[in-house]
Amino acid sequence: MIRRSDSSTPGVLAGLLAGALGVGVLWIAAKVSTPARAAGVQNDAILQVTQWASDTLNAVLNTIPEDDHAWLGTRWYDPGVPDDWTTQSPSVAPERVVVLIHGLDEPGGIWDQLAPALHDSGHTVVRFEYPNDQRIAPSASAFADALEELHGLGVGRVDIVAHSMGGLVAREAMTRPELMSKDLPVFDRFITLGTPHLGSPWSRMRAVAEIREQTQRWIESPDHDPKRLLLFAKDGVGQAGTDLLPGSEFLNALNERPMPPGVRVTCIVGRAVPFGDFDPMVIAGSGALEQLVGVRDARAIGRGLDDLKRELGDGVVPVSSAVMPGATDIVVVEANHRSMIRSIELGQAIGRMTGKPGGPEPPAIRVIVDRLKVPKPKTPDNILP
């Protein structure tokens, strides 16, 4: 039986939280070190310690609220309901929907601006959420199950828009043979936003994002139960970070599999620093730099700056990694990993306090809306001679 916290015993609760947080510190430390020390080869000892810490937290806290994972699964966008999302599917499912799938340690809100833009453009929008700390393969299995459920409701075709690791989850679901045998809708457009198709070295630092995710979920929870801050123990033990490392076994296998025939792929790539037409080699060839460090070192500096210009990416995913092998529709936007699709929440809050809400629309939104335009069917009235 799940028990709620008793506000009359704050000392007991504080003791439980202190003990659980102590184990949590060990758990977080293991999460940080697992991908860094397990590149290429899974470190079983570290994962065993991590799993033990996670199990201990769950045992100590046998008081996690009943709705701790109520956010998992599919939700339909409906601006007429509280919070704009509902688990209630329409009585008559549309033939086509746009499915949104988030990335690693996403606390929600990444689709706050894209979903209404797609709705206003005439699309039916569904989002899928999953316990994203686990390995990518089981997340992909859950996504395939959700797609199969949509097909069972009558959805015949889907467009998928995926942010960050969500693109890898979607690709795994779309290309793994045993999942492709499911009764799935037809895949039309597949759009990735800052997806690390070739991995990201920042996956070693993913515990910081984990803290952000759970804090944000706690802030948005209805009861602000402090135990919700410890829900990191419920969504995996950090194996996703290992899958995201460049050259991981998961990525090598995924990038060897072709996409299903007919899928139109668009990769939106963020570039955090707007270099514009800046040419690093112009600086390298300047007489001043050559006099200062010598011709050879000046050219080396120029090449290094040129590499930085090409590879800095969105601050999380390098430019080359954000392009799926074989993709030809590549769009580069001047934004970081999150602001390409969602305005920075702090900036929005400041705008509301100062009476100046709004601001520029995230640059990827117009690109997505444009790519998802459904061609008008040809009729005798609109066929050109």
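Points to keep in mind about this one:
- Test result for His151, in contact (Cβ under 8 Å) with a residue 12 or more places away in the chain and under 19 Å from the mean Cα position of the chain (by Cα): no
- Residue within segment 151-162 that is modelled with pLDDT under 95, in a strand (DSSP E or B), closer than 19 Å to Arg75 by Cα and not basic (Lys, Arg) present: no
- Residue count, segment 114-150 (criterion: small (Gly, Ala, Ser) and in a strand (DSSP E or B)): 0
- Checking each residue in segment 263-282 for being surrounded by fewer than 18 Cβ atoms within 10 Å (Cβ to Cβ), modelled with pLDDT under 95 and within 23 Å of His163 (Cβ to Cβ) picks out Ala272, Val273, Pro274.
- Options Ala240, Ala253; residue that is at pLDDT below 95 and among the hydrophobic types (A, V, I, L, M, F, W, C): Ala240
- Per this entry, Glu172 is not counted among residues that are in a helix (DSSP H, G or I), surrounded by fewer than 21 Cβ atoms within 10 Å (Cβ to Cβ) and modelled with pLDDT of 95 or more.
The values are calculated or read from the model by the stated rules, or taken from the named source; none is laboratory data. Remember, predicted model here, so these are calculated numbers, not experimental data. Ideal geometry is used to build each Cβ from the backbone, glycine not excepted, and the neighbour counts take in all protein chains shown.
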